[in-house]
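Working notes, structure below.
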Amino acid sequence: MLSLIVIAWRNLMRFGRRTLLTAGLIAIGVLAVLLFVALSGSFKNLMIGQFTDSVMGDLEIHHKGYVASLDNLPLNLNLTPAQWQRARAVLAADKTVAAYAPVVKFGGLFSNFTESTNVRVNGIDPAREAAVLPLLPGRVAPADAAGLLKPGQILVPQLLANGMKVKVGDTVVVVTTNRDGSVNGRTFTVRGIVSDLSGPGGRDAYIDIDDARHILRLATPEVSEVLVRLKSLETLHATVAALRSALDGGPGKPAFEVHGWDDLSPFAHIARLIDLLTLFVKVILVSIALISIMNVMIMAVYERIREIGTIAAIGTPPGRILGLFLIEGLLLGVIGAAVGIALSLGAVAVLHVHKVSFAFGMGNGTVILSPSLRVSDIVTVGVVVIVVAVLASLQPAWKAARMDPISALRHI
Amino acid sequence: MADIAFAEAHAAPVIRADTVEKRYRVGDVEVKALKGVSFAIAAGSFVSFVGPSGSGKTTLLNLLGCLDRPDGGRLTVFDTDIAGLNRRAAARFRGANIGFIFQDFNLMPVLTVFENVEYPLIMVQNWPSRRRRERVMDMLAAVGMAEQAGKRPDQISGGQKQRVAVARALAPETRLVLADEPTANLDHDTAYKVIDLMRRLKTELGVTFVFSTHDPKIVAAAEIVFRLEDGRLSREGGPHA
């Protein structure tokens, strides 16, 4: 086998410049793909992290039917205390879950006593919320080591604060309609301003969960949703499936809804678009490898027709001739992939030193990408290129193996 | 038929042709390249086929080398009816029994002299490395090319290339060597040396050599000479001419 590889290598190097150009083209393709994968993957992960770590958690649990009415924040579809206790028990038993936090959500009227507007109020358990959304405290100005907020305090979205000229320490009032139709209101002290994730438009205010229940006159500790943070986002879909199964109440019984972040956030579409673009770039790479290697191997066969006739005449089995040309294609793929991977690792290392940054959103300032390559990405791209190289060589190799020795020996 | 009788009388025939025919179609015209050729060649013979261009020499050598199949008659090589060999079996048969020497040497330009001789032992015989090395060095020594083992074909002369081709043909312990115009691209002196070398190796190794030529001086070196003319064979020289 080693001898065959040596012969194949010598055959490739008889047109060294052409071989190097082809391998170089493949290497550049691999470099482009892996760099794109590293940068787009980094961007995607960073963006997903922004949403899951500061807004919605990795997955959410609601009462069945709640998500379909999400825009109305229906109070009659809260989780009952018994259901919340059951969800807690299931979450506590799941080893993939890092933290969870209950939220009571409702729509209300926000007023600074001179003007008012609508607001979406999140009643939170500050300590649990910070554990599930570790980036949320960073969005609150001013920062407070004591926690996100205390009972009687409110975090006001930046849009409202700017528009209504509300400052930290001001007293504001939140008014809402309860489940029974009565109206209730309460004053709060502005503890901080919450910057929005992606520019103006956010209307989420935060108060303590007990304040929320008080305003809503909830006699029992109901919960609108449970935010869940996983130990690893890689387990998202498995955990969602496991929780759905564990929380299933059986046929005809009220059940829970469990949704991953990708079911709830519009950014999931962007993430899927990034995956689609990555696939598209990979297809281009495959095309480059396929066309360039097939071109080289077809030329190799036509240039060596007499030689093929000779080796066929001396008794070389057709399968061995096929193998020789396939090894030549394989070597081209291996060289191109190896050089491309080496260049990609070097480029990613350089990007770690010279950071890639850009502005994203209003409050977060500059986002710094940390491109990295997963072993699985490297192996996938390398294997795809090598397999494509062999496939591209298959037709020329087959042609060489099937060549009639007499015609080949006559070829000028 | 007298030649068949001669071969049967003296040694088991390596090749036996009985009214062998071969036809080609050129456009709408059918050309009869061989018209009922019969002969036999005994083991260890040094045989030449002579004749003008287009007489059917190469066609006959292609048949003997199992590169082609006859359209009529019966042709056996080492008691194997070559008409019954499919493509794969023919390749296996050639690899096991027959060596080829070509007019244009047909050495692999990217391989050294050593590697060219080793080539059939890798590609066809799949011998282990140690056995290959020993056999290649023996063959190169036999053709006087051991000193040039590391050179590439473009670094040696035409005569040396043909010596390497002879070594390559003999390396897999072949019993029959077919050479189509092996001296056509060599000057006279070199051509005689190559033919002398082939004849010496025939004697030393007991291999049967069959070659075609149109050079009368080269023909003189053959023990048995068959003349091919317009697809018909006649015995021209040799012990029973």
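The values are calculated or read from the model by the stated rules, or taken from the named source; none is laboratory data. Keep in mind that this is a model prediction, so the values were computed, not measured. Reconstructed Cβ throughout: ideal geometry from the backbone, glycine too, with neighbour counts over all protein chains shown.
Of note:
- Looking across segment A:368-406, just one residue is among the acidic types (Asp, Glu) and either surrounded by 21 or more Cβ atoms within 10 Å (Cβ to Cβ) or closer than 26 Å to A:Ile291 by Cβ (or both), and that is A:Asp377.
Rundown of residues vs (1) touching a residue at least 12 places away in the same chain (Cβ under 8 Å); (2) closer than 30 Å to B:Thr112 by Cα; (3) away from chain B (no Cβ under 14 Å); (4) in a helix (DSSP H, G or I), yes/no style:
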site	(1), (2), (3), (4)
A:Trp9	yes, yes, no, yes
A:Leu20	no, yes, yes, yes
A:Ile28	yes, no, yes, yes
A:Glu60	yes, no, yes, no
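- B:Gly144 meets each of the listed conditions (1) part of a loop (DSSP other than H, G, I, E, B); (2) exposed (fewer than 15 other Cβ atoms within 10 Å of the Cβ); (3) within 11 Å of chain A (Cβ to nearest Cβ) apart from (3).
- Scanning segment B:180-217 for residues that are crowded, with 22+ Cβ neighbours inside 10 Å and without any contact (Cβ under 8 Å) to a residue 40 or more places away in the chain gives B:Thr183, B:Leu186, B:Ala191, B:Val194, B:Ile195.
- Subset of segment B:82-95 that is touching a helix residue (DSSP H, G or I) at 6+ places or on another chain (Cβ under 8 Å) and surrounded by fewer than 19 Cβ atoms within 10 Å (Cβ to Cβ) - its residue that is farthest from the other protein chains (Cβ to nearest Cβ): B:Leu85
- Number of the condition not met by B:Gly99 [criteria: (1) in a loop (DSSP other than H, G, I, E, B); (2) surrounded by 22 or more Cβ atoms within 10 Å (Cβ to Cβ); (3) within 14 Å of chain A (Cβ to nearest Cβ)]: (1)
- Check on A:Ser407, more than 45 Å from the chain's Cα centre (by Cα) and either more than 21 Å from A:Glu307 (Cβ to Cβ) or within 14 Å of chain B (Cβ to nearest Cβ) (or both): yes
- Leading residue by the ranking (nearest to B:Asn185 (Cα to Cα)) among those in segment B:120-134 that are within 14 Å of chain A (Cβ to nearest Cβ) and at pLDDT 90 or above: B:Pro120
- When the test is whether a residue is out of contact with any Ser or Thr (no Cβ under 8 Å at 6 or more places or on another chain), among the acidic types (Asp, Glu) and crowded, with 19+ Cβ neighbours inside 10 Å, A:Glu129 passes it.
- Condition met for A:Val348 (in the same structural domain as A:Ala289 (by TED's automatic domain parsing), assigned to a helix (DSSP H, G or I) and among the β-branched types (Val, Ile, Thr)): yes
- Candidates B:Phe105, B:Phe114: the one that is within 14 Å of chain A (Cβ to nearest Cβ) and assigned to a loop (DSSP other than H, G, I, E, B) is B:Phe105.
- Some residue of segment B:118-128 being buried (at least 24 other Cβ atoms within 10 Å of the Cβ) and in a loop (DSSP other than H, G, I, E, B): no
- The set of residues in segment A:51-103 that are of a type outside the set (A, V, I, L, M, F, W, C), surrounded by 19 or more Cβ atoms within 10 Å (Cβ to Cβ) and more than 26 Å from the chain's Cα centre (by Cα) comprises A:His63, A:Asn78, A:Gln83.
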